[in-house]
1. Working only within the stretch 231-262, note down all residues that are open to solvent by 20 Å² or more (accessible area, probe 1.4 Å), more than 29 Å from Ser215 (Cβ to Cβ) and either within 13 Å of the chain's Cα centre (by Cα) or modelled with pLDDT of 95 or more (or both).
2. Examine the stretch 159-172 for a residue that is within 13 Å of the ligand (Cβ to nearest atom), within 19 Å of Val210 (Cβ to Cβ) and of a type in the set (A, V, I, L, M), and state whether such a residue exists.
3. Do the conditions hold for Arg211, that is, is it basic (Lys, Arg), touching a strand residue (DSSP E or B) at 6+ places or on another chain (Cβ under 7 Å) and within 16 Å of the ligand (Cβ to nearest atom)?
4. Glu202 versus (1) at pLDDT below 95; (2) in a loop (DSSP other than H, G, I, E, B); (3) out of contact with any helix residue (DSSP H, G or I) (no Cβ under 9 Å at 6 or more places or on another chain): which is the lone unmet condition?
5. Go through the stretch 218-271 residue by residue and tally those that are among the polar types (S, T, N, Q) and closer than 15 Å to Glu40 by Cα.
6. Condition first: without any contact (Cβ under 8 Å) to a residue 40 or more places away in the chain and polar (S, T, N, Q). Now tell me which residues in the stretch 158-189 satisfy that.
7. Could you check how many residues of the stretch 272-292 are within 10 Å of the ligand (Cβ to nearest atom), of a type outside the set (A, V, I, L, M), in contact (Cβ under 8 Å) with a residue 12 or more places away in the chain and more than 14 Å from Lys129 (Cβ to Cβ)?
8. Among the residues of the stretch 164-172, is there at least one that is within 20 Å of Met281 (Cβ to Cβ) and touching a helix residue (DSSP H, G or I) at 6+ places or on another chain (Cβ under 7 Å)?
Amino acid sequence: MFENLSDRLSGVFDKLTKQGALSEEDVSLALREVRVALLEADVSLPIARDFVKAIQAKATGQAVTKSVTPGQQVVKIVHDEMVHFLAGDNANAGELKVDNPPAPILMVGLQGSGKTTTTAKLAKRLTEKNGKKVLMASLDTQRPAAMEQLAVLGTQIGVDTLPIVKGENAVKIAKRAKQQALLGGYDVFMLDTAGRLSIDDELMAEVEAVRDVASPRETLLVVDGLTGQDAVHTAENFDARIGISGVVLTRMDGDGRGGAALSMRAVTGRPIKYVGLGEKMDALEEFHPERVAGRILG
Ligand code: GDP
């Protein structure tokens with residue numbers, strides 16, 4: 001989708017003869033390509049507009065240096081602006097607040113977003129990279145299979161899970177996880193909350209109750225990166241009701257649309273902390289704006 005944006009841009013510009021500076025017409029031509037590509041990638045219209053406007057301001061009148069083609073020069077401007085949009089002001093997006101043990105991390109999101117998988121991936125990462133002792137607990141009382149899934153993943157990656165006790169509600173499990181984390185000398189405990197197919201009041205009320213019991217240091221929303229603007233709406237909703245500290249975009253390995261990444265920061269003001277790049281337990285990467293911009297531009 002986005003894949004050949006840099007080729008498209010270079011193509012437009014390299015047709016032009018070299019001039020002293022990028023003219024308004026040159027820039028407008030390229031920006032038409034950018035706008036189309038953004039909309040194809042399911043970036044929302046206001047964000048696409050802001051983005052294009054920012055580039056217009058930067059590119060117009062800029063002297064074309066001898067060493068690069070005008071096309072290359074515009075690609076660089078677009079790339080830099082994309083990094084800016086993706087990163088916001090926060091240079092340390094990937095860092096989690098996990099001091100003061102046991103630090104609770106609340107994992108929220110819709111069913112099927114990759115929440116349970118991401119919980120385990122992150123637990124593995126915290127264990128192996130940060131040397132943390134991690135406890136995971138599933139709060140999905142509606143779906144015993146989800147609880148089992150987390151336990152299986154825990155065994156696979158060598159991270160403890162809270163023993164499953166039938167009949168407990170989510171708040172009770174959260175309390176038990178906290179207690180177990182204290183008693184067991186854990187650095188971090190992760191609460192994998194139940195998902196629903198869509199945002200509903202019942203889901204939000206349950207997550208709120210868990211949040212109030214756990215006082216999480218981090219509340220991470222897991223969203224499917226392939227869902228474009230829907231992912232951004234989901235983030236807005238969760239943030240308004242629960243308050244999130246960051247976002248994990250999953251399925252960024254698919255050749256889907258990069259739109260969610262580009263709009264997320266600008267719309268929600270919340271940082272993307274990690275991206276999911278596959279089903280395997282190692283397929284989680286810190287969010288690097290440079291890398292994502294590079295991938296988008298191709
Ligand atoms: P949950 O309902 O939100 O807990 O979703 P799951 O964690 O069960 O994930 C649903 C499916 O998505 C599983 O088959 C996962 O292996 C898969 N999945 C999760 N994250 C990623 C990712 O980043 N890339 C890909 N390709 N698949 C993923």
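1. Those that are open to solvent by 20 Å² or more (accessible area, probe 1.4 Å), more than 29 Å from Ser215 (Cβ to Cβ) and either within 13 Å of the chain's Cα centre (by Cα) or modelled with pLDDT of 95 or more (or both): Arg251, Met252, Asp253.
2. No, the conditions are met nowhere in the stretch 159-172.
3. No, not satisfied.
4. It fails just one condition, (2).
5. 3
6. Hits for the stretch 158-189 are Thr161, Asn169, Gln179.
7. Going through the stretch 272-292 one residue at a time, the tally reaches 3.
8. no
The values are calculated or read from the model by the stated rules, or taken from the named source; none is laboratory data. Keep in mind the model is a prediction, meaning the values are calculated, not measured. Here the Cβ is made from the backbone with ideal geometry for all residues, glycine too, and neighbour counts use every protein chain on show. Just the protein is used for accessible areas: all its heavy atoms, side chains included, with ligands, DNA and RNA removed. Shrake-Rupley method; radii C 1.70, N 1.55, O 1.52, S 1.80 Å.
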